[in-house]
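Step one of this worksheet: look at the structure below.
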Amino acid sequence: MRAQALHGHLDALLLAVLEQGALHGYAIIEALRARSDGNLDLPTGTIYPALRRLERAGHVASSWSTVSGRERRTYELTDSGRRALAGERAGWREFSATVGRFLGPDTPPTAPA
């Protein structure tokens, strides 16, 4: 799946991944890949700018740590991020239900008026 197809949804996906707990950037990329059965194989050039944007918005906080002699930046969800994620989920349910009325498997074709 291309990053462009995720336009408008990437932030919500990142917040949802971080809902499980603090992760460093590469672990976030791996979680996206694993939870999507490999369909979301996004480059670091897509993920890190989004994480910085979420941090500027106050939805995630980051801190540096050293693991096996390597510096890693770890990201975690803030209270503001949890509220934003709840809003994203509500918006997704509404969007999904609306589009499903047109593209769902049980949607009957409509005759022109």
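The values are calculated or read from the model by the stated rules, or taken from the named source; none is laboratory data. Here the structure is a predicted model, which means the values were calculated and not measured. Positions of Cβ are backbone-derived with ideal geometry, glycine not excepted, and every protein chain shown enters the neighbour counts.
Just checking, does segment 17-35 include any residue being in contact with a helix residue (DSSP H, G or I) (Cβ under 9 Å, 6 or more places away or on another chain), charged (D, E, K, R) and at pLDDT 95 or above? Looking through segment 17-35, at least one residue is in contact with a helix residue (DSSP H, G or I) (Cβ under 9 Å, 6 or more places away or on another chain), charged (D, E, K, R) and at pLDDT 95 or above.
Kindly indicate whether any position in segment 86-105 is surrounded by 10 or more Cβ atoms within 10 Å (Cβ to Cβ) and not in a helix (DSSP H, G or I). Looking through segment 86-105, at least one residue is surrounded by 10 or more Cβ atoms within 10 Å (Cβ to Cβ) and not in a helix (DSSP H, G or I).
Exactly one residue among Thr98, Thr78, Thr44 is over 15 Å from Ala12 (Cα atoms), under 16 Å from the mean Cα position of the chain (by Cα) and among the β-branched types (Val, Ile, Thr), and that residue is Thr44. Of everything in segment 64-83 that is over 16 Å from Gly21 (Cα atoms) and not in a strand (DSSP E or B), the residue that is modelled with the lowest pLDDT is Ser68. So which residues in segment 4-49 are surrounded by fewer than 13 Cβ atoms within 10 Å (Cβ to Cβ) and hydroxyl-bearing (Ser, Thr, Tyr)? Result: Tyr26, Thr44.
Please tell me if Ala61 is assigned to a helix (DSSP H, G or I) and over 12 Å from the mean Cα position of the chain (by Cα). No. Taking first residues from segment 92-105 that are at pLDDT below 95 and partners that are surrounded by 10 or more Cβ atoms within 10 Å (Cβ to Cβ) and outside any helix (DSSP H, G or I), the Cβ contacts under 7 Å between residues at least 6 apart in sequence or on separate chains come to Arg101/Thr107.
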